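Participant: This is the structure I have questions about; it appears just below.
The values are calculated or read from the model by the stated rules, or taken from the named source; none is laboratory data. What you see is a predicted model; the values in this text were computed from it and never measured. Reconstructed Cβ throughout: ideal geometry from the backbone, glycine too, with neighbour counts over all protein chains shown.
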Amino acid sequence: MKTMKNLALVVLAASIVAGCSFTKPHEKEAQLKADKAGLTVVEKTRFDGTFIAKGAEFAQYKKLLVEQLDLSDVKIRKPSSTNLIDDTPWELNDSDRRYYQERYTEALMNNLIADGTYSTAMKAGADVMTVSAKVLEIAPLASKDDMKGRPTHVKVYSEGMGTMTLEISLYDSVSGKPLAIITDQRDLGRIWEENNRVTNNIQVRLAFNQWLRHLRTELDKLSARP
C-alpha cells in the first residue's frame with residue numbers, strides 16, 4: 001500500500017511538472033500583463049490565452065481605432081539548421097514588414113469591418129475600441145530565402161515554415177483602460193513543402209486571417225454576454 005501511494009505521488013508530481021512545461025513564454029508574459037492590468041482569464045477560448053476586464057461591456061463598441069501592426073521588437077529564433085553560406089541571422093527587412101502589416105490590416109478588414117459589424121474610427125470616442133497587435137516572435141525552420149540566407153540554386157523543404165506568435169491588446173479609446181489581452185502562437189503550415197518566400201508569405205497571410213477570424217468570434221461572444 002505504501003509503495004502504491006509513493007507511486008501515485010510520483011505520477012502526480014510528474015503530471016504537475018509536465019503541465020507546467022506546456023506553459024509557453026508568451027502565455028506567461030500575457031498572464032503577467034493581465035495580472036498587472038486586473039484582467040481575468042477566459043477559460044474557453046480559441047487562443048493560447050485570453051484575458052478580459054471584469055465588467056467590460058464589449059457591446060458598446062461599434063467602431064475600431066486600428067493601430068499599425070507592431071514589428072518593432074520581434075524576437076527571431078535561430079533555425080536549428082545551419083545556413084548554407086554563413087551564420088547570417090534570419091531577419092525581417094522593410095519589404096517583409098510592409099507585407100506583414102498589409103496582411104494583418106487586410107485580415108482585420110475582412111473579418112471585422114467588411115460585413116458592417118464594426119466600422120473604422122480616426123479618433124477616440126465612447127463607442128470606439130482601440131485595437132493594437134504585436135508580433136512577438138518568429139521561429140523559422142530554415143535559412144531565409146534571400147541572398148544572405150542561401151544560394152539561389154538551393155531548394156529547401158520543411159514541415160511547415162515554423163511558428164509565429166502574436167499579441168493583441170484591446171483598449172477603451174477614451175480612457176485607455178485595457179479591455180483584453182490575447183496571445184497566441186500559430187504554426188505557419190504543417191505539411192512538407194518547399195520552404196521559400198512564396199510559401200512563407202502564403203502561410204503568414206493564412207495565419208493573420210485565422211487570428212482575426214478567431215478575434216471576431218471572441219468579440220461576438222463577449223458582445224452577446226448579458
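Participant: Test LEU166 against the stated conditions and say whether it is more than 21 Å from VAL204 (Cα to Cα) and of a type in the set (A, V, I, L, M).
Facilitator: In short, no.
Participant: Now a separate question. All but one of (1) touching a residue at least 40 places away in the same chain (Cβ under 8 Å); (2) within 17 Å of GLN210 (Cα to Cα); (3) in contact with a helix residue (DSSP H, G or I) (Cβ under 6 Å, 6 or more places away or on another chain); (4) not β-branched (Val, Ile, Thr) hold for TYR118; which doesn't?
Facilitator: Only one criterion is unmet by TYR118, namely (2).
Participant: Exactly one condition in (1) closer than 20 Å to HIS26 by Cα; (2) free of Cβ contacts under 8 Å to residues at least 60 places away in the same chain; (3) of a type in the set (S, T, N, Q); (4) touching a Ser or Thr at 6+ places or on another chain (Cβ under 7 Å) is false for THR163; which is it?
Facilitator: (4)
Participant: In segment 73-115, how many are polar (S, T, N, Q) and at pLDDT 95 or above?
Facilitator: Of the residues in segment 73-115, the ones polar (S, T, N, Q) are 80-83, 88, 93, 95, 101, 105, 110-111.
Okay, now just the ones that are also at pLDDT 95 or above, so 101, 105, 110-111.
Adding up the residues that qualify gives 4.
Participant: Can you tell me which residues in segment 56-71 are loosely packed, with under 14 Cβ neighbours inside 10 Å and either in contact (Cβ under 8 Å) with a residue 60 or more places away in the chain or over 19 Å from VAL131 (Cα atoms) (or both)? Give the steps one after another, and end with the answer.
Facilitator: First, the residues of segment 56-71 that are loosely packed, with under 14 Cβ neighbours inside 10 Å: 57, 59-60, 67-68.
The answer is ALA59, GLN60, GLU67.
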